[in-house]
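Data block below; observations after.
Just so you know, all these numbers are worked out from the coordinates, no wet-lab data involved. Note that this is a predicted model, so its numbers are computed, not measured. Don't worry about glycine lacking a Cβ; one is built from the backbone with ideal geometry, like all the others, and counts go over all protein chains shown.
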């Protein structure tokens, strides 16, 4: 039996997405904040995920995404190594998206994102 790390995440883009080309294929990259029900100092705690989305579907969805956009991401979870701002190597979790869906905010209005506690030193993102 094969092992899979499939995920379905709903969250908001933390910054503007970036579009690039690799081996003649379009890739968009963005990060999302997935809010939890846990609060610290009356602020919601969020998990942050880097997302990459490839191909023609990425080209189509790219113009519809902005910072703060509510999205649903389906894809494969994988671990990657990166260097933090102090020059130390760390491991983080990223998502290679199979599908990205732009969602409407509740009641069709754009609501501000909840207050989020800042990541601690131990957080990889």
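Things to note:
- Shape of the range 6-108, Cα gyration tensor, a/c cut at 1.5: oblate
- Spin-label pair residue 77/residue 47, simplified geometry with 7 Å Cα→Cβ offset, distance in nm: 0.5
- Working from Cα pairs under 8 Å separated by at least six residues, relative contact order for the range 6-108 is 29 percent.
- Distance between modelled label sites at residue 22 and residue 64, nm, 7 Å Cα→Cβ extension: 2.3
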